[in-house]
Amino acid sequence: MSYYEVLDIQKEPFSTSPDPDFFYHSREHTTALKRLEIAIRLRRGLSLILGDVGAGKTTLSRALLQSFNGEEDKFVFHMILDPDFKSEYQFLAHLTKMFGVSPFLRSAMDHREAIEKYLFQKGVEEEKTIILLIDEGQKLSLPFIEILRTFLNYETNEFKLLQLVILGQMELLPRIKKINNFMDRVSLRYIINPLDENETAQMIYFRLKQAGFSGQRDIFSYEAIKKIYAVTQGYPRKITLYCHNALERLVMEGREVVTGELIDVLAEEERQWGTDE
């Protein structure tokens, strides 16, 4: 029998890919998602979402995109997954190319002017909302943050021409505080905290259900879930990894239920690799 047949599922329930269909709406993530949607629809400008590694920021960004499905005629999303560019010019050139602006521009000033013209045309003449979503925001260097700050100056009397959403790790915060007039431009600031123990259990069974699990039997024991929370401290990425490894071991060893003892074994293996912080 296959992995799926043994577990009575149709999909991989604990993939680490940011599939919005497997996005668990915890209290923290739901608040962040709703506030982001409001900020974008009101065209308020800069939104900053911070959280530790594995807090679920990338999956949150995919859920945000999904929440605007069917409104592509009004909302245009552009995404940068890794803002690690070598120079200001390369960063600006990437933006103009992404926006569909003519790439035959010689100077950084040419790129800035082209971006301003693009935002005015789309935002005012075509009445569209342009959103630039930057993941891994902690990789933004100070010069790039300064460029983004200047883009926030592009506005009408009523709204910002660019809706900028930056998702990053907590180390980004002290860096942006060094930029004059940046923090006071943040219309939405939110820190995503880990799940609590109850939400950890709900996330596990939500993802199993999304994968087609009928729920007619318990795959994870009560003790296993308590120990998963203890070793992951409620960080979604770690929860996902532990659950996948536990199900893999369940199938390989012909077990019926993931027990607390199995989670102890997995945690010890993680400590041996030095990956369980």
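Each reported figure results from applying straightforward, stated rules to the coordinates on display, with no laboratory input. Since this is a predicted model, take the numbers as computed values, not measurements. Reconstructed Cβ throughout: ideal geometry from the backbone, glycine too, with neighbour counts over all protein chains shown.
Laid out as a table, the results:
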quantity	calculated
Unsatisfied cross-links (Cα-Cα over 20 Å) in the set LYS11/LYS34; LYS11/LYS57; LYS122/LYS160	LYS11/LYS34; LYS11/LYS57
Label-point gap, in nm, between ASN69 and GLU253 - each point 7 angstrom along Cα→Cβ	3.8 nm
Mean separation of Cα contacts under 8 Å, 6 or more apart, over the residue count of the chain: relative contact order %	28 percent
Options GLY212, THR232, LEU247, ranked by Cα towards positive dipole end of the stretch 195-271, top entry (Cβ charges)	GLY212
Environment charge of ARG185, counting only residues whose C-beta is closer than 11 Å and scoring Lys/Arg +1, Asp/Glu -1	+2
Estimated vicinal HN-Hα couplings, Hz - the stretch 19-30 in sequence order (Karplus 6.51, -1.76, 1.60; Gly, Pro = x)	6, x, 5, 10, 7, 7, 7, 5, 4, 5, 5, 5
Taking SER61, SER221 and counting other C-beta atoms within 10 Å, the order from fewest to most	SER221, SER61
Net charge of Cβ neighbours under 15 Å - reference ILE80; Lys, Arg +1; Asp, Glu -1	0
The stretch 32-176, relative contact order [Cα under 8 Å, separation at least 6], %	36 percent
Fewest-first ranking of VAL101, VAL265, using other Cβ atoms within 10 Å as the exposure measure	VAL265, VAL101
Kirkwood hydrodynamic radius of the stretch 172-277, Cα pairs, Å	15.8 Å
In the stretch 170-215, trypsin sites (Lys or Arg not before Pro) in a DSSP loop with at most 15 other beta-carbon atoms within 10 Å	LYS177, LYS178
Tensor-based shape of the stretch 27-192 (alpha-carbon gyration tensor, a/c under 1.5 rounded, otherwise prolate or oblate)	oblate
The chain: Cα Rg divided by the 2.2 N^0.38 Å rule of thumb	1.17
Relative contact order of the stretch 195-271, pairs being alpha-carbon contacts under 8 Å that are 6 or more residues apart, as %	38 percent
Eligible aspartates and glutamates near LYS74 by straight Cα distance, threshold 14 Å, same-chain separation 8 or greater	GLU37, GLU125, GLU126, GLU127
Between the stretch 1-73 and the stretch 86-129, the alpha-carbon center distance in angstrom	28 Å
The chain - charge dipole about Cα centre, Lys and Arg +1 at Cβ, Asp and Glu -1, debye rounded to 20	1060 debye
Cα gyration tensor shape for the stretch 71-133, rounded if a/c is under 1.5, else prolate or oblate	oblate
Summed side-chain charge close to ARG41 - residues other than ARG41 whose Cβ falls under 14 Å, Lys, Arg +1, Asp, Glu -1	+3
